[in-house]
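**Q** Pasting in a structure now, in structure tokens, and then I'll have a few things to ask.
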Amino acid sequence: MPRPAATAPVPARYLLYPLLAALIWSVNMIVTKMAAGVIAPAAIGFYRWVLAGALLTPFALPGTWAQRRLVLACLPRLAALGALGMWLFQGLAYVAAATTTATNMGFITATVPLLTIGVGALVLRERPAWTAVAGGVVSLVGLALLIGEGDPARLMSVGANHGDLLMGGAALAYALYGVLLRRWALPVGPWQSLYVQVLFGVIFQLPAFLMAPASPLNADNLPLVLYAGVFPSLFAPFLWMQGVRHLGPNRASVFINLMPVATVAIAAVFLGERPHLFHIAGGALALAGVLLAQMGPRPARGRRSSV
């Protein structure tokens, strides 16, 4: 009886796509923290998406115009995605950076896959697997250790740090972004979709930018704006899409779990954020919970209520 053909090994260069994307996003956590002292959150949020939109225009505008009927039909949904992914997620992160550490931001962001399962259960009526429930409990314990600085009971008496709460809200917004992106499955090309979302990000950032105190570009903050507008906004999505294309979404998603580890290492070198025991223990538990949740079967689609 002939043996089944062995699965061809994945070329190493394909692994670089999601790895580099995860590293770019990790560095962006450090850039976000560094920006807290040199530029207003509304200013860097606005400048970032203006720059990204300007760089995308020559490449994405012709395709967007060619698909204008599809784009117009999907405009309300693209606006909602732009509000969640470009405005709320990164906007809340810029505000949170003033009162929390890059280390905490990295670990809280790492719970997005777990939050996505929870949001999917509510929005898509998907029944989460037992591994997702168990992973959620483990991650909550880890986050309690992390945010409570080693003492979960401290959260009951003192409460969570303002920045940590904002970062949690940002992670929740991005989880909803991912769920809606999957639910709607927009018939628009990926770059055209990203381009229109970026334009909405600029529009939604504009009121806060106009009302905020003046925060002009200078030698201290310009490199941070350039990094934010180019690498995590344009290069990382391109690398990630290539990784998903060649490896599949399940294999590629594993690399997201490297983000908190990379963030902690980079923050220790460039920001002097030395990890304490509660960072290691709480972060490890939070990450273990995410991994446990991702190991289970895909959630089953539940029956919609007839009420």
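The values are calculated or read from the model by the stated rules, or taken from the named source; none is laboratory data. Since this is a predicted model, take the numbers as computed values, not measurements. Using ideal geometry, Cβ is built from the backbone for each residue, glycine included, and neighbour counts are taken over all protein chains shown.
**Q** Output yes when any residue across region 40-54 is of a type in the set (V, I, T) and within 27 Å of A262 (Cβ to Cβ), and no when none is. I'd like the intermediate steps shown before the answer.
**A** So the first thing to find is which residues in region 40-54 are of a type in the set (V, I, T), and the list is 44, 50.
Then keep just the ones that are within 27 Å of A262 (Cβ to Cβ); that gives 44.
Yes, region 40-54 contains at least one residue that is of a type in the set (V, I, T) and within 27 Å of A262 (Cβ to Cβ).
**Q** State all residues of region 61-80 that are in contact (Cβ under 8 Å) with a residue 40 or more places away in the chain and more than 21 Å from L180 (Cβ to Cβ); if no residue qualifies, say none.
**A** Step one: list which residues in region 61-80 are in contact (Cβ under 8 Å) with a residue 40 or more places away in the chain, which gives 61, 63-64, 67, 70-71, 74-75, 77-80.
Result: L61, G63.
**Q** Would you tally the residues in region 68-105 being surrounded by 16 or more Cβ atoms within 10 Å (Cβ to Cβ), among the polar types (S, T, N, Q) and over 20 Å from G229 (Cβ atoms)?
**A** Looking only at that region, the number is 4.
**Q** Further, regarding this structure: Tell me which residues, restricted to region 120-132, are in contact (Cβ under 8 Å) with a residue 12 or more places away in the chain, in a helix (DSSP H, G or I) and surrounded by fewer than 21 Cβ atoms within 10 Å (Cβ to Cβ).
**A** Within region 120-132, A121, V123, W130, T131 meet the criteria.
**Q** To continue, here is another question. Going through A219, A268 one at a time, which residue ends up being surrounded by fewer than 17 Cβ atoms within 10 Å (Cβ to Cβ), over 30 Å from A134 (Cα atoms) and either at pLDDT below 85 or among the acidic types (D, E) (or both)?
**A** Result of the check over A219, A268: A268.
**Q** Considering every residue within region 177-187, establish whether at least one is aliphatic (A, V, I, L, M) and either touching a Lys or Arg at 6+ places or on another chain (Cβ under 6 Å) or without any contact (Cβ under 8 Å) to a residue 12 or more places away in the chain (or both).
**A** Yes; the residues of region 177-187 include at least one that is aliphatic (A, V, I, L, M) and either touching a Lys or Arg at 6+ places or on another chain (Cβ under 6 Å) or without any contact (Cβ under 8 Å) to a residue 12 or more places away in the chain (or both).
Yes or no, residue by residue, for (1) modelled with pLDDT under 90; (2) part of a helix (DSSP H, G or I):
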| position | (1), (2) |
| --- | --- |
| G142 | yes, yes |
| A160 | yes, no |
| D164 | yes, yes |
| L181 | yes, yes |
| I203 | no, yes |
| L206 | no, yes |
| V225 | no, yes |
| V230 | no, yes |
| M241 | yes, yes |
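**Q** Here is a further query. Which is at pLDDT below 85 and touching a strand residue (DSSP E or B) at 6+ places or on another chain (Cβ under 6 Å), of R127, R154?
**A** R127
**Q** Which residue pairs have Cβ atoms closer than 9 Å, lie 6 or more positions apart in sequence or on different chains, and pair a first residue in region 81-99 that is farther than 10 Å from Q205 by Cβ and assigned to a helix (DSSP H, G or I) with a second residue that is at pLDDT below 90 and among the acidic types (D, E)?
**A** A96/D164
**Q** With respect to the numbered conditions (1) in a helix (DSSP H, G or I); (2) touching a Ser or Thr at 6+ places or on another chain (Cβ under 9 Å); (3) surrounded by fewer than 24 Cβ atoms within 10 Å (Cβ to Cβ), which one is the sole condition not fulfilled by I39?
**A** Just one mismatch for I39, condition (1).
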